[in-house]
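Working notes, beginning with the structure itself.
The values are calculated or read from the model by the stated rules, or taken from the named source; none is laboratory data. From a predicted model like this one, the values you see are computed outputs, not experimental measurements. No Cβ is skipped: glycine too gets one built from the backbone with ideal geometry, and neighbour counts run over all protein chains shown.
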Amino acid sequence: MADPPEPLPAPSYCKKMLGAGQDAPAKVSMVYSVSSFVGAFLGMGAIGLLHNHVMMPYASMVLLVGSFGAMSVIIFSGYKTAAAQPKNVILGNTLGGLVGVVVCSLMTQLGLEKLLWLSAAISVSLTILAQEVTRSVHPPGGATALLYILTPAAQDLGYWFIFCPCFLGAVILVAVGCVTNNLAEDRIYPQYWWPRASTPSQHAQDEKGPESSDSEQEAARVSKILCYFRKFLGAGAAPLPTASPPLNQTWCSLLGSFLAIASLGLLEEHLIIPQVQDALRLMVAAFGAMSVIIFSAWNTPFAQPKNAIVGNTLGGFVGVAVYHLFLLAGIEECVVVGAALCVSLTIFLQELTNSVHPPGGATALLYVIVSHLQKSAWMYIFTPAFLGSVILVLIGCLTNNLAEKRRDGCGIPAQGFRDCLDATNSTYDFQAVEGHSHLVFAEQKYAKEREEMQQELNKAKKSGCCVVQ
């Protein structure tokens, strides 16, 4: 009997850039996309109305900020992902606000406030560090930190910025997510309010989906109204994959995010503004969220090149198109409607093209609500939306693959490497769980086979048979 195959050696640095060979996630149905559209529209509408009629007139505090565009994509389109669960949303976004305020204050005290690229890079990378340590990775938190560094109006709020918009806005969107996501019969949000410990067998049961659980079958026997409110308790799922990468890989997340944001800032300062056009920008808050996705949640579908580049470019296109349509119609003052429409349309188009990427929602929203970005007109689609995405994907290829264990996503194309593995009888098995991909090592897959082989050998020896190895 032949020996089991030897484990495949780790792929080389350059081979990793060919991709991990994973399949793209399946396209969602039109009903799913409509549900996402409605949820995002209502969520952003609630944020905008509270901003206009409560927070600004009574407290002079900003609530409608660009990072909530990315948060809407996660909560209403990727509601099953770890980043969409309440702990990650609220804690992750609040941490981003805290880091942004602290970094900005320290840089000002040190007299380094003019080094905008350095402040931006430090704030995003430290946000990733804080989120990974607390296991609350949430991409819009990176956008929130970067937004504070780039926006003087936000800096006027000081430490109040941490409460509003960071904490309060996250709570509002989670609440709207509970109300709207659960209207769809096949959606349960949240998957859990707080992650609980689970055994592998419990986790395998959770992966089958909440629809097959005993609690859901019991809920189906009662009225639909009771079933709807029961969903608010959560699906009871175990912590989802890639809620946070291992801490021994955090150095790679920090390095990649720092280099990415610093590159955008330096290119904007020394190339885009002086050499191309003063109205153009390359570093916008959306890239804070994109950095968290590519460098921390590197093995999710959100982080792959098609999603990053197409999804963010679509966001730029939708933002510009919605603003100019409102301008032609003479209703450009209806910012709340424009903000809600651009984010929900971005989600709809991303789902139709199978390129869901949360920062695209922020990219669309920023154009509608930030006046100085509107000066770039249709060039906004190229820079920052397209060009910035390409730069971050390239840096993701260079830095993510430095970590030996980042093999199954890496922010790189997800084609090609599977064929290489199959051709060499690889003992690695790629799986997708709840929209997340991860690597399952050979020892877990072939342990039972080895045990059976050993039992056969022992039986053969006892019976006195000649064993040929």
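List the residue pairs whose Cβ atoms are under 9 Å apart, where the first residue sits in the range 162-181 and is free of Cβ contacts under 8 Å to residues at least 60 places away in the same chain, the second is in a helix (DSSP H, G or I) and of a type in the set (D, E, K, R), and the two are 6 or more positions apart or on different chains.
Going by the 9 Å Cβ cut-off, the qualifying pairs are Cys178/Lys231.
For the list (1) part of a helix (DSSP H, G or I); (2) buried (at least 24 other Cβ atoms within 10 Å of the Cβ); (3) within 19 Å of the chain's Cα centre (by Cα); (4) not basic (Lys, Arg), I need the number of the one condition that Gly319 fails.
(3)
Quick one: is Gly361 assigned by TED's automatic domain parsing to the domain that holds Ala153 and in contact with a Gly (Cβ under 6 Å, 6 or more places away or on another chain)? Can you show your working first?
Details: assigned by TED's automatic domain parsing to the domain that holds Ala153: yes; in contact with a Gly (Cβ under 6 Å, 6 or more places away or on another chain): yes.
For Gly361, the condition - assigned by TED's automatic domain parsing to the domain that holds Ala153 and in contact with a Gly (Cβ under 6 Å, 6 or more places away or on another chain) - is met.
Name the residues in the range 322-335 that are more than 20 Å from His51 (Cα to Cα) and in a loop (DSSP other than H, G, I, E, B), would you?
Correct list: Gly330 only.
Is one or more of the residues making up the range 336-357 surrounded by fewer than 23 Cβ atoms within 10 Å (Cβ to Cβ), over 22 Å from the mean Cα position of the chain (by Cα) and assigned to a helix (DSSP H, G or I)?
Yes, some residue in the range 336-357 is surrounded by fewer than 23 Cβ atoms within 10 Å (Cβ to Cβ), over 22 Å from the mean Cα position of the chain (by Cα) and assigned to a helix (DSSP H, G or I).
Looking at the structure I just gave you, is Ser263 in a helix (DSSP H, G or I), over 24 Å from Val89 (Cα atoms), under 24 Å from the mean Cα position of the chain (by Cα) and at pLDDT 65 or above?
Spelling it out, Ser263 is indeed in a helix (DSSP H, G or I), over 24 Å from Val89 (Cα atoms), under 24 Å from the mean Cα position of the chain (by Cα) and at pLDDT 65 or above.
When you scan the range 238-246, do you find a residue that is under 30 Å from Ala286 (Cα atoms), modelled with pLDDT of 80 or more, part of a loop (DSSP other than H, G, I, E, B) and not hydroxyl-bearing (Ser, Thr, Tyr), even just one?
Yes, the conditions are met somewhere in the range 238-246.
Give all pairs with beta carbons closer than 6 Å in which a residue from the range 297-321 that is farther than 10 Å from Pro358 by Cβ meets a residue that is acidic (Asp, Glu); count only pairs at least 6 apart in sequence or on separate chains.
Asn299/Asp408
For (1) free of Cβ contacts under 8 Å to residues at least 60 places away in the same chain; (2) surrounded by 23 or more Cβ atoms within 10 Å (Cβ to Cβ); (3) within 24 Å of Arg135 (Cα to Cα), each residue gets a yes or a no:
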| residue | (1), (2), (3) |
| --- | --- |
| Asp23 | no, no, no |
| Val31 | no, no, no |
| Gly39 | no, yes, no |
| Gly43 | no, yes, no |
| Leu50 | no, no, no |
| Val62 | no, no, no |
| Met71 | no, yes, yes |
| Gly100 | no, yes, yes |
| Gly111 | yes, no, no |
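Taking Asp214 as meeting all but one of (1) surrounded by fewer than 16 Cβ atoms within 10 Å (Cβ to Cβ); (2) modelled with pLDDT of 95 or more, write down the number of the exception.
(2)
Does the range 191-204 contain any residue that is modelled with pLDDT of 80 or more, over 19 Å from the mean Cα position of the chain (by Cα), farther than 30 Å from Leu398 by Cα and outside any helix (DSSP H, G or I)?
Checking the range 191-204: not a single residue is modelled with pLDDT of 80 or more, over 19 Å from the mean Cα position of the chain (by Cα), farther than 30 Å from Leu398 by Cα and outside any helix (DSSP H, G or I).
Consider Ser389 carefully, then state whether it is out of contact with any strand residue (DSSP E or B) (no Cβ under 6 Å at 6 or more places or on another chain), in a helix (DSSP H, G or I) and within 30 Å of Met56 (Cβ to Cβ).
On the way: out of contact with any strand residue (DSSP E or B) (no Cβ under 6 Å at 6 or more places or on another chain): yes; in a helix (DSSP H, G or I): yes; within 30 Å of Met56 (Cβ to Cβ): no.
Answer is no for this residue.
For every residue, the table says whether it meets (1) crowded, with 21+ Cβ neighbours inside 10 Å; (2) touching a residue at least 40 places away in the same chain (Cβ under 8 Å); (3) touching a strand residue (DSSP E or B) at 6+ places or on another chain (Cβ under 6 Å).
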{"residue": "Gln249", "(1), (2), (3)": "no, yes, no"}
{"residue": "Leu255", "(1), (2), (3)": "no, yes, no"}
{"residue": "Ala260", "(1), (2), (3)": "yes, yes, no"}
{"residue": "Leu264", "(1), (2), (3)": "yes, yes, no"}
{"residue": "Asp278", "(1), (2), (3)": "no, no, no"}
{"residue": "Arg281", "(1), (2), (3)": "yes, yes, no"}
{"residue": "Ala286", "(1), (2), (3)": "yes, yes, no"}
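Can you list the helices (runs of 4 or more DSSP H) lying wholly within the range 67-179 that have 2 or more residues being out of contact with any helix residue (DSSP H, G or I) (no Cβ under 8 Å at 6 or more places or on another chain) and modelled with pLDDT of 95 or more?
86-109
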